[in-house]
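Some notes on the structure that comes next.
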Amino acid sequence: MEQNNNIHYKEADIIDYLRIAVKRKRQLFVFIIIGGIIGLYMSFNISKINKGQTIIEIGIENYFVTVIKIQNGLYGNFSGVKTTNLENTNLIKIEISSKQSQEEIKKSLLKLNENILSKHNEILENQKNILDKRIKDIEKIIFLQKSDGKETENARLTIFGLEGTKDNLTQTKIIQEPVVFPKNNNTGIMLINFIFGTMAGAVFFLLCASFLEWWRKNWQAIR
């Protein structure tokens, strides 16, 4: 019995909403249009995001270490930074997505590249200096020994290996200079936002209209 009453009330509510919608169809149409416009406005506002990217090839440092440093702001604090390691390479793609202007994003990427190259060149020079010092120290030992024994031969092989290591040290390079482009608007998202906007406008109108109808019928009793 109680369940039947609930069903009856729900049907009555639906009929009331339909009656209000038919009675105030012009106002309902206006609210639907307003809701759709708001949905489209939100889509355009969200889509005002510019995206820039640059690609660098890591030389002296492990690419994973570089990625961690970028993410932790050790090469500078830049908002919206995303890093991607291109599979099976030392290439890192650095992206910035932001509502900043395209020029500002490009400047951020240029500065980030500059900071990375500066730090990596510093590491590279330090590594070369360490290897040069070790080579010179071994050459001094060879000079003092003044013989061509086994120890001298091993020392020369060590020098050969150190020189090879030094030659294999590579600089970090910029493979792709920073490029910036506006992020394309997603038509699917815009359509969804428009539909939800129109639905929200319709629901809002029906609730407000229902409340006004109820108020007109019951305001005297409330007083």
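Using 1/(1 + (r/R0)^6) with R0 = 35 angstrom and r between the beta carbons of GLU125 and SER97, what's the FRET efficiency to the nearest 0.05? Walk me through the intermediate numbers first.
Numbers: r = 34 Å, r/R0 = 0.98.
Between GLU125 and SER97 the formula returns 0.55.
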20 Å Cα-Cα reach of LYS150 towards lysines, excluding residues that sit fewer than 8 places from it in its own chain: LYS136, LYS140
Residue order, fewest to most surrounding Cβ atoms within 10 angstrom, among TYR63, TYR41, TYR75: TYR41, TYR63, TYR75
Using a Förster distance of 35 Å, the FRET efficiency for THR170-ILE49 (Cβ separation, nearest 0.05): 0.50
Environment charge of ILE32, counting only residues whose C-beta is closer than 13 Å and scoring Lys/Arg +1, Asp/Glu -1: +3
Exposure proxy ranking, count of Cβ atoms within 10 Å, fewest first, for MET190, MET199: MET199, MET190
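Report the gain in length on full extension from TRP215 to ASN154: 0.36 nm times residue separation, minus Cα-Cα distance, nm rounded to one decimal.
Full-extension gain reported as 11.9 nm.
Determine the dipole magnitude for region 78-171: charges of +1 sit on the beta-carbon of Lys and Arg, -1 on that of Asp and Glu, nothing else is charged, the reference point is the Cα centre, and the result goes in debye to the nearest 20.
Here region 78-171 has a charge dipole of around 220 debye.
No lab work stands behind these numbers, since they all come straight from the coordinates. Predicted model only: the values in this text are computed from it and were never measured. Here the Cβ is made from the backbone with ideal geometry for all residues, glycine too, and neighbour counts use every protein chain on show.
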